[in-house]
Structure formats: structure tokens, C-alpha cells
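Notes follow once the structure below has been shown.
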Amino acid sequence: MRASILAMATMAGVVALPCAFAAGFIDDSKATLGLRNFYFNQDYKSGAQAPSKQEEWGQGFMLNFRSGYTQGPVGFGLDAIGLLGVKLDSGGRTDKAGRSRNPGQLFPLDHDNSAVDHYSSLGLTGKLRISKTEAHIGTLQPRLPVVVFNDGRMLPQTYSGGQITSREFDNLTLIGGTLERAKGRSSTDRQALSVPGNTTRRSNKFHFAGVDYRVGKDLLLQYYYATLEDFYEQHFLGLTHTLALPVGSLSTDLRYFHSEPDGENASAAGRADGWTIGDARLSSDPEKGEVDSRLWSLQSTYKLGGHSLALLYQQNEGDSDLPYLNQSDGATSYTAATRQIGGFSRAGERVLGTIYTYDFAALGIPGLSARLTYNKAWHIDVAGQSRGEREWERDFRLDYVIQSGPLAGVGFAWANAALRSHVSSQRDINENRLIVLYSIPLL
């Protein structure tokens, strides 16, 4: 609420400025209308029979406005995002095999658990620039190692808060901010923040800070710190490097997350309220509710022509899953092993993954690309089960963007995935997503 009020105050101030002073605000403004037609099908192959299948189809509209900055030593601006989702088809009936088809992925649910016909929201962001430092207050969509907004459905997730980004020094970027609430991918409600596995407690205080340091053009070093009050604190170290070879290139991506309870009261509060970080916890762990995760990953990618082949290893030490910001409707993390369905960051989990991508432009078909991913995981610690549970996921994605003609810029995507798991709380799933995308420039 406070962030929205500040954003609205910024907008009122900009409108009142003299035309000459606001020239940069108007001249540098950009607006686009994004169209996303989204079909979602998730078929449960194990577990409870209700629901056994989720199938929905909708049309999303995303209006993005980004102003320039007013002239002068202190520049003011305003961004806005308008979201509208329209139902084209949803569940509430049985398919040909007699299985129930239920909503719950693309649209908010009505009082009778049916999908609403449409939903919408508006987010405003006031911004300020001094030299090479920018501050944004209001609706945010952060993409940082310690917090990543989820854009895996018809409409994207948004957060409310403030962020400062400074690039005053060459090759060095400093970032800091606070988040208070989040709106899910299929929701109009802004909720306080929490973690996976918790259904009772929330927090309005997620603080983060970080630094990106680039050494030459091929090496990036990162450090970030974040804390969700009374839940967890997290340190992140990252290194990415690209090495040109006589034939092709080799890139390296190294990530490390160290997570522990936030303050002396975090563990006690967690035990009292009964929340845990996921369900993959050792049954012998006496500190139920305590965050204890040290996750690291190494991914190497070799590129040659249109081919790209990556090998990944990830390991989570400690007695809890990796903590990250979560709501009931959509969450994701910055881990290298995160896939279309599974997060692959459970307690004790080891992951071996491979990613193959091909760009058909190398064969004279620009705009067409394909990606095949496979994760195999083992040594998962689950309360009440043996240490050593396993799971795997196979993903395939095909993308094509029309390059010319009256439909130039229209994109098509098919994403198919299958997840199989021995973890008792994780159902086996087959999933398909069919997406049509188009962006219309307005300014």
C-alpha cells in the first residue's frame, strides 16, 4: 500500500510539471501491448483422483508503459503495467476418459471453485534518477539471484516494494531494496510474503542487496544477500565466464546459496506455527521448522554453430529445502536445475542434468529453435521416508517466430514436460503448454 501511494504521488508530481521540464518524460516514453494466448494441460498420473487433470485456455493482455525521465539533475518518471486475463475454456467437467477437469492454474477461482470469466490488475511504479542511480517504488518484477518473478503462465507475477540500482562506477552495479507483497500469476490479490511449505505465517519485510562486478567482457562475479523477516536469511555467490575456443565456445556458470534462519526467533516461531521449508526433511531432525540449506551448482555449456550442449550438477546440503519467496499462486527460484514442473532443490538432493538446444537459423530457418532438457535426481531426504528418494524430469520446448509478412513477429511455443518422483507428496505429472505471443508497439 505504501509503495502504491508513493507511485501515485510521483505520477501526480510529473503531470504538474511544466511542459519543457517534462519533455524527456514524454519524448522517451514507450508503450507496448503484449498478447499471450495460453493453453495449459496438466495430467496427474498418480495420487488422489480429484483433481486428476487441470486443463484451461485463456487470452492474456499485458499493457506496459515506460516513461522517460524529466530534465534536470533529478529526473522523475512513471511506469505502469496493466494486466487482463480472459477465460476461453476451463474445467468443471469430465474428459472423454471420465476424469475430472479442474481449473486452478490460469484463473482465480470463484466461491464455487469454478474459474472466473476474467480478471485484471493495474500496477504503477514511480521512478527517480540521479546521475547513474535509479530508484523504483511501486510495482516491481525483479529478476535477481535472491528473488525472481514468475512468468510461467498466462500473466506474470508482480511484487510491491522499492529498489535502487546504481551504476556510478564502470563494470560495477549495486542493487538494494525491500519487497512487501506479491500478486500471483492468476490472482488480483496482493498478499504478504512467505516460503514453500508454510500456510500460516507471512511477512511484509523482504530486504535484499547485491553487487555485480564485471571483469572484462567475459567474467561476471556476483554477491547477494537477502532476508525474509522471521523466516530465513540467504547469501548468494555467483560466477559466470565465457571462454572462446578455436572451435566454438565454453561457458561456465557457478552458483552457491547459503541459507539459515533469520534471527534467534525464526526456528522457535517455525516450530510453534508448524511450518517447514518444504516436506523433504530428515525425520530425525529435532529442529522442525529450521532453515538449513547449502546449495551449489556447476553448469558448463559448449556452443558450436547452432548447437548448444550443457551439463549440470547441483547438490543441496543441510536438512531443509532451499528457501525462497513463495505464495499460493506461483513461485520460482534462481537455481540452475529449476525446470518446467519441478524445482529440484529438496533437502539432500543431488541433480545431474543436461540441456541440448538447437537454433535452426544455422540451417537457414531463422526464428525456429528447439530445446531438450533432462534432470535425474537422487539422495532426497524426506521426513518419514528413507534418505535416497529419487525423481526425474524430461522437458521439450519448440519455439518459432514468423520473420516476415503480415504476421511477422507472431511467436508460437509448445512446451511438453514429464515429471516422475518417489517423494510421497509429489504426484507424477505430464504437462503441455501451447502459447501464441505477439507484441504491438503503441508508442
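The values are calculated or read from the model by the stated rules, or taken from the named source; none is laboratory data. Fair warning: this is a prediction, and the values are worked out from it, not measured in the lab. Neighbour counts run over all protein chains shown; Cβ positions are idealised from the backbone, glycine included. Keep in mind that these areas ignore ligands, DNA and RNA; they rest on the heavy atoms of the full protein, side chains included. Shrake-Rupley method; radii C 1.70, N 1.55, O 1.52, S 1.80 Å.
Quick rundown of the values:
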read-out	value
Residue within region 125-136 that is in contact (Cβ under 8 Å) with a residue 60 or more places away in the chain, open to solvent by 20 Å² or more (accessible area, probe 1.4 Å) and within 30 Å of Gln222 (Cβ to Cβ) present	yes
Selection within region 103-124 - part of a strand (DSSP E or B), open to solvent by 50 Å² or more (accessible area, probe 1.4 Å) and either out of contact with any strand residue (DSSP E or B) (no Cβ under 9 Å at 6 or more places or on another chain) or not hydroxyl-bearing (Ser, Thr, Tyr) (or both)	Leu109, His118, Leu122
Answer from Asp170, Asp218, Asp212 - the residue that is free of Cβ contacts under 8 Å to residues at least 12 places away in the same chain and either open to solvent by 30 Å² or more (accessible area, probe 1.4 Å) or on the phi < 0 side of the Ramachandran plot (or both)	Asp170
Residue in region 203-225 that is at pLDDT below 95, of a type in the set (Lys, Arg) and out of contact with any His (no Cβ under 8 Å at 6 or more places or on another chain) present	yes
Positions within region 143-198 being among the polar types (S, T, N, Q) and in contact with a Leu (Cβ under 8 Å, 6 or more places away or on another chain), in sequence order	Thr158, Ser160, Gln163, Thr165, Ser166, Ser186, Ser194
Residue in region 181-201 that is modelled with pLDDT of 95 or more and either farther than 21 Å from Ser259 by Cβ or open to solvent by 20 Å² or more (accessible area, probe 1.4 Å) (or both) present	no
Top-ranked residue in region 110-140 [being closer than 17 Å to Leu174 by Cα and of a type in the set (S, T, N, Q); ranked as nearest to the chain's Cα centre (by Cα)]	Thr133
Gly263 vs. criteria in a loop (DSSP other than H, G, I, E, B) and either at pLDDT 90 or above or within 30 Å of Leu174 (Cβ to Cβ) (or both)	yes
Asp230 among the charged types (D, E, K, R), touching a strand residue (DSSP E or B) at 6+ places or on another chain (Cβ under 9 Å) and open to solvent by 40 Å² or more (accessible area, probe 1.4 Å)	yes
